[in-house]
Amino acid sequence: MPDCGTSYENEVADGYNIRNVKCSFCNCTILKQKLGKFTTLEFDLPLMKQIGGAYNIETEKVSLFWLVKHMMTFENVGFSNTVDNKKYLTCADCDAGPIGFHDLTTKESFIALSRVTHR
């Protein structure tokens, strides 16, 4: 699900998400509207469905994110164990993910626009 072919211009106003951010699988609300700041950065996020097994983690380069400054801003999000000073984010209801990552150094979280829906 690379984000390069999808336009998300209709999801952003004044730099923030216009609509609620929801899980693509169970429709759970992850982030309420106007709480995620649109940002771009390149990050190799593990694929949601791994084919290679636990020792060969496949990733995709993701570049469009909702930046969340404080972890308590989320409605429903789960955090993985720490991997390279980051925690991967999942839907707290159905455990789908990773939908983004949390940087332990900056305490900022990033939700990949290509891994969620907007309603």
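For this structure, a couple of remarks:
- Taking first residues from the stretch 92-119 that are basic (K, R) and partners that are in a loop (DSSP other than H, G, I, E, B) and open to solvent by less than 10 Å² (accessible area, probe 1.4 Å), the Cβ contacts under 9 Å between residues at least 6 apart in sequence or on separate chains come to R115/D3; R115/I99.
- Within the stretch 1-49, considering residues that are of a type in the set (D, E) and under 17 Å from T59 (Cα atoms), the one modelled with the lowest pLDDT: D3
The values are calculated or read from the model by the stated rules, or taken from the named source; none is laboratory data. Predicted model only: the values in this text are computed from it and were never measured. Reconstructed Cβ throughout: ideal geometry from the backbone, glycine too, with neighbour counts over all protein chains shown. We work out accessible area using only protein heavy atoms, side chains counted, and drop any ligands, DNA or RNA first. Shrake-Rupley method; radii C 1.70, N 1.55, O 1.52, S 1.80 Å.
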